[in-house]
Amino acid sequence: MNNFNFIDEELELLTKSGLKRELKTVITGGGPWVELLGGKRVLQFSSNNYLGLSTHPEVINALKSAASKYGVGSTSSRLLSGTTELHTVLEKSLADFENTESAVFFSSGYAANVGVLSALINKEDAVYSDEFNHASIIDGIRLSGATKFIYNHNDISHLESLIKENKDNFKRNFIVTDTVFSMDGDIASLEQTGIVAEKYNCFTVVDEAHATGVFGKKGSGVIEELNLGKYFPVKIGTCSKAFGVEGGFCAGPKNVIELIKNKARSFVFSTSPSPAVINAILKSLELVIDGSWRREKLWQNAKILYSGLKKNFKLKLNDFKTPIIVIYFNSVEEAMSVGDKLFNECHIWAPAIRPPSVKQPRIRLTPISTHSQDDIEYVIRAFDHLAKDIKPQPLGMAN
Ligand SMILES: Cc1ncc(COP(=O)(O)O)c(C=O)c1O
C-alpha cells in the first residue's frame with residue numbers, strides 16, 4: 001500500500017528548517033482585539049483590514065439583507081445563472097471607482113491575477129515582472145505560458161535593459177507590477193515604469209491590492225493618487241483588504257474586460273461569488289469613497305507607530321511609504337523568537353514572515369484605522385521591552 005511516507009519526510013524538513021506553519025483559530029472579532037481558541041485575547045497587527053470595515057455594522061447589514069433576498073450561495077457560475085443584479089451593479093460601480101469603462105469581479109484577488117494575466121497574455125508574448133511581485137502574479141504569468149523576465153526590485157533601468165534586449169523576439173511585451181509591495185510596504189516607481197512602457201510599446205497591468213482604499217482622494221489607489229491612469233489602463237484590485245470583505249476585480253477598457261469574461265478560467269470555471277458578499281462590498285465601496293477620514297486615521301496611526309519604532313535603534317525598519325511597517329531580521333530563528341514573544345508575552349499578533357513568502361525574515365505590522373492611540377503606543381512599548389533580546393542589524397543590510 002502507498003503510505004505517503006514522502007509527505008512525512010517533507011513535513012519534517014519544513015519543521016527542521018523552522019518553516020512549518022501552524023494555523024491559529026480566531027473565535028471572535030475582526031476588530032483590533034480578537035479572541036483565539038483557548039481564550040487568549042490578542043491585539044491584531046497582522047490584518048489587511050486597513051479601514052476597519054470588516055466589522056462595520058452597515059457592511060454586516062448589507063450582507064445579511066442580501067442573503068435574505070437571494071440566499072447565501074449564488075449556486076452557479078457567472079456565465080450560467082450566477083449573475084444577479086447585484087453583480088452587475090458592483091461591476092459598474094467598480095468601473096466608476098477606477099475611472100475605467102468596465103470591470104469584472106472575481107472570487108478573490110488571487111483568482112483575479114491568475115485569470116486576468118493568463119487571459120490577456122499568450123505564449124508568444126514576453127512578460128517583465130518585478131522580483132517582489134505577489135505570488136498570484138507569478139502564478140498568472142506561469143499559466144499564460146509567456147516567457148518571463150524578472151527585473152530587480154523597482155530597478156527601472158534593469159527593466160528597460162531587459163525590454164531593449166528581448167522585445168523584438170516576442171509578439172507582445174507586457175510589464176506587470178504591484179503598485180504597493182505587500183511584504184516591504186514600498187511603492188513601485190510607476191511614472192518611470194509608464195514612460196518605459198510607452199517608449200517600447202509595452203502593455204501594462206498593475207495590481208493595486210494594498211493600495212485600494214488606502215491611496216487616492218476617493219481611495220482607488222496609487223494610480224489615482226499620482227494621476228497615472230494614462231499609462232496604466234488595466235488595474236487589478238482586491239475587496240479582501242481595505243474593503244474588509246473578499247473578492248478581487250479587474251478594471252479596464254471594455255474590450256479587455258469582455259475578453260477576460262470569456263477567457264479567464266478562474267472566472268469561467270468557478271461558482272459566482274455570493275450575492276450577500278457582493279452587497280457587502282457595495283456598502284463597503286460607499287464607505288471607502290466617502291470615508292477619507294478613515295484613510296486619514298489609518299495614516300495617522302501608521303505614522304505614530306513608525307516614528308515610535310524608529311526611535312528604537314535595534315530595529316531595522318523599512319522606509320515609511322505606506323501603512324505597512326516592516327522590521328527585518330537576520331535569521332528565521334530571530335524573527336520567530338520576536339514574533340513568539342510578541343504573541344506570548346505581549347498579546348500582540350504579528351507573526352514572523354519567512355521564506356518562501358519572503359527571502360529575508362521579518363515582522364510585518366499593519367496598523368488599521370480602528371486601532372486606538374493606546375493600541376499603537378502599546379506596540380511601541382512592547383518593542384522597547386523586547387529590544388533587549390534583539391541583536392542590532394548590521395548597517396547597510398539588504399532587504
Ligand atoms: C499584491 C497582492 N495581490 C493579490 C493578492 C491576493 O488577494 P486575495 O487575498 O484577495 O486573494 C494579495 C493578497 O495577499 C496581494 O498582496
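We did not get these values from a lab; they are worked out from the coordinates using the rules stated. Please read these numbers as outputs of a predicted model, since none were measured by experiment. Note that each Cβ is placed from the backbone with ideal geometry, even for glycine, and that neighbours are counted across all protein chains shown.
Among Thr177, Gly82, Gly248, pick out the residue whose Cα is farthest towards the positive end of the charge dipole of region 57-290, where Lys and Arg carry +1 and Asp and Glu carry -1 on C-beta, about the Cα centre.
The Cα lying farthest towards the positive end belongs to Gly82.
With only Lys, Arg, Asp and Glu charged, each at its Cβ (+1 for the first two, -1 for the last two), find how big the charge dipole of the chain is about the Cα centre; round to the nearest 20 debye.
240
What number results when the radius of gyration of region 191-244, computed over Cα atoms, is divided by 2.2 N^0.38 Å?
For region 191-244, the normalised Cα radius of gyration comes out at 1.17.
Of Asn344, Ser46, Asn99, whose Cα points farthest to the positive end of the dipole of the chain (charges on the beta-carbon: +1 Lys, Arg; -1 Asp, Glu; origin at the Cα centre)?
Asn344
Rounded, prolate or oblate, given the Cα gyration tensor of region 57-290, with a/c below 1.5 counting as rounded?
Prolate, because a/c is 1.5 or more and a/b exceeds b/c.
Using the Cα centre of the chain as origin and beta-carbon charges of +1 (Lys, Arg) and -1 (Asp, Glu), tell me which of Ser65, Ser292, Thr212 is placed farthest towards the positive end of the dipole.
Going by the charge dipole, the pick is Ser65.
Run the quick spin-label model on Arg381 and Glu286: label points 7 Å from Cα toward the beta carbon, then report their separation in nm to one decimal.
Result for the modelled spin labels: 4.0 nm.
Region 280-342: which chymotrypsin sites (Phe, Trp or Tyr not before Pro) are DSSP loop and have at most 12 other beta-carbon atoms within 10 angstrom?
Phe313
Could you tally up the Lys pairs in region 16-116 with alpha carbons closer than 28 Å? Skip any pair fewer than 8 positions apart unless they're on separate chains.
The result is 7.
In debye, nearest 20: dipole of region 57-290 around its Cα centre with unit charges on the Cβ of K, R (+) and D, E (-)?
Charge dipole, region 57-290, about its Cα centre: 840 debye, nearest 20.
Taking 7 Å along the Cα-to-C-beta vector as the label spot, tell me the Thr271-Glu345 distance in nanometres, rounded to one decimal.
4.6
Using Cα pairs under 8 angstrom and six or more residues apart, how large is the relative contact order of region 57-290, in percent?
It rounds to 31 percent for region 57-290.
For the chain, rounded, prolate or oblate, judged on the Cα gyration tensor with a ≥ b ≥ c (square roots of eigenvalues), a/c < 1.5 rounded, else prolate if a/b > b/c?
rounded
Any idea how many Lys pairs in region 274-392 come in under 17 angstrom at the alpha carbon, given 8 or more places apart or on separate chains?
So the count of such lysine pairs works out to 17.
If packing is taken as the average number of other Cβ atoms within 10 Å across a peptide's residues, how do 356-366, 110-120 rank, most packed first?
On the way: 356-366: 19.5, 110-120: 26.5.
Listed from highest to lowest mean packing, they are 110-120, 356-366.
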